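Input: a single structure, listed below in structure tokens.
The values are calculated or read from the model by the stated rules, or taken from the named source; none is laboratory data. This is a predicted model, so every value here is computed, not measured. Positions of Cβ are backbone-derived with ideal geometry, glycine not excepted, and every protein chain shown enters the neighbour counts.
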Amino acid sequence: MAAYTFYTNPRSRGLIASWALHEVGADFAMVPVGWREKPPALLAANPLGKVPTLVHHAPEGDRVVTEAAAICSYLAEEHPEAGLLPNPAERGHYHRWLFFAAGPLEQALMARMLGWELPAEREGTAGFGSFDRTVAALDVHLSQHDFACGTRFTMADVYLTSQFDWGLNLKLLPRHDAFLAYAERCHARPAYQAALAADRELYRQTKAQG
Ligand SMILES: N[C@@H](CCC(=O)N[C@@H](CS)C(=O)NCC(=O)O)C(=O)O
């Protein structure tokens, strides 16, 4: 049995976890999930029925990890030999940008995509402040640093780039030079290319099956 069972669907947030699995060289079995009929084992592991969902078949028993950002973080910790954890000097950046991407950035992108208008007087309450403030914070950081943690790729970049891809592909994020250059640097990772190829193949198979 593979060390991990990975529930996914092509062209979904599953690609984030797939990239992370490829980065750490994990031994995993992929289970494609149809949106209409979800496997009972997925629903037992994650009643929300979302992908990605990861089950780690650890020696002492199964561990379920959901939420793409948590899966990235978990895999980096389970596979320290992959070198994707932050060193002590990078830890602030690592946690900051991983959580920023999963919180404010995702909220800002989702609000923009769904046309949710935040009244200006509620900016102080909303965690992302405003779409423009969120984008500006990212722009400042990525104009000064090549990666989330500075000069080196870490697991935080898997998640941050994935949010960028969503924002750039749907034309939600402005095509700032710093954003495009950052995405290009991270897309050059062989693990990203491998995960993308696997996702496209899964999409092709899913389409062929109707
Ligand atoms: N908070 C979750 C969101 C996962 C999510 O919304 N996945 C979507 C695909 S991108 C999904 O499973 N949708 C199917 C459904 O909700 O039934 C994460 O970050 O992993």
| query | Quick one: is residue 66 surrounded by 14 or more Cβ atoms within 10 Å (Cβ to Cβ) and either farther than 24 Å from residue 167 by Cα or in the same structural domain as residue 152 (by TED's automatic domain parsing) (or both)? | reply | no
| message | I need the full set of residues from the range 69-81 which are more than 8 Å from the ligand (Cβ to nearest atom) and crowded, with 18+ Cβ neighbours inside 10 Å, in order please. | response | 72, 73, 74, 75, 76, 79
| message | What's the number of the only condition in (1) part of a loop (DSSP other than H, G, I, E, B); (2) away from the ligand (no atom under 16 Å from the Cβ); (3) crowded, with 18+ Cβ neighbours inside 10 Å that residue 1 fails to meet? | response | (3)
| remark: Here the qualifying pairs (Cβ atoms under 8 Å; residues six or more apart or on different chains; first in the range 1-13 and assigned by TED's automatic domain parsing to the domain that holds residue 69; second away from the ligand (no atom under 15 Å from the Cβ) and among the basic types (Lys, Arg)) come out as 10/200
| query | Which numbered condition trips up residue 91, out of (1) more than 21 Å from residue 191 (Cβ to Cβ); (2) in contact with a helix residue (DSSP H, G or I) (Cβ under 9 Å, 6 or more places away or on another chain); (3) part of a helix (DSSP H, G or I)? | reply | (2)
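For residues that are within 17 Å of residue 27 (Cα to Cα), surrounded by 12 or more Cβ atoms within 10 Å (Cβ to Cβ) and not basic (Lys, Arg), scanning just the range 46-63, find the one that is farthest from the ligand (Cβ to nearest atom). Don't jump to the end; show me each part of the working.
Of the range 46-63, the ones within 17 Å of residue 27 (Cα to Cα) are 52-59, 61-63.
Still in the running and surrounded by 12 or more Cβ atoms within 10 Å (Cβ to Cβ): 52-57, 63.
If we keep only those that are not basic (Lys, Arg) as well, we get 52-57.
On the way: 52: 6, 53: 8, 54: 10, 55: 14, 56: 16, 57: 20 Å.
Only one residue fits best here, namely 57.
Taking the conditions exactly as written (touching a residue at least 12 places away in the same chain (Cβ under 8 Å) and under 20 Å from residue 48 (Cβ atoms)), does residue 102 satisfy them or not?
Values: touching a residue at least 12 places away in the same chain (Cβ under 8 Å): yes; under 20 Å from residue 48 (Cβ atoms): yes.
Judged against the criteria, residue 102 is a match.
Looking only at the range 103-125, how many residues end up being part of a loop (DSSP other than H, G, I, E, B) and under 22 Å from the mean Cα position of the chain (by Cα)?
Looking only at that region, the number is 0.
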| message | Filter the range 28-57 down to the residues that are under 18 Å from residue 202 (Cα atoms) and either in the same structural domain as residue 183 (by TED's automatic domain parsing) or in a loop (DSSP other than H, G, I, E, B) (or both) and list them by number. | response | 33, 34, 35, 36, 37, 38, 39, 50, 51, 52
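Of all residues in the range 32-45, which are farther than 12 Å from residue 12 by Cα, within 12 Å of the ligand (Cβ to nearest atom) and touching a residue at least 24 places away in the same chain (Cβ under 8 Å)? So that I can check it myself, show each step before the final result.
To start, the set of residues in the range 32-45 that are farther than 12 Å from residue 12 by Cα comprises 36-45.
Restricting the remaining residues to those that are within 12 Å of the ligand (Cβ to nearest atom) gives 36-38, 42-43.
Answer for the range 32-45, where residues must be farther than 12 Å from residue 12 by Cα, within 12 Å of the ligand (Cβ to nearest atom) and touching a residue at least 24 places away in the same chain (Cβ under 8 Å): just 42.
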| query | Would it be correct to say that residue 9 is near the ligand (Cβ under 10 Å from one of its atoms), in contact with a helix residue (DSSP H, G or I) (Cβ under 9 Å, 6 or more places away or on another chain) and closer than 28 Å to residue 208 by Cβ? | reply | yes
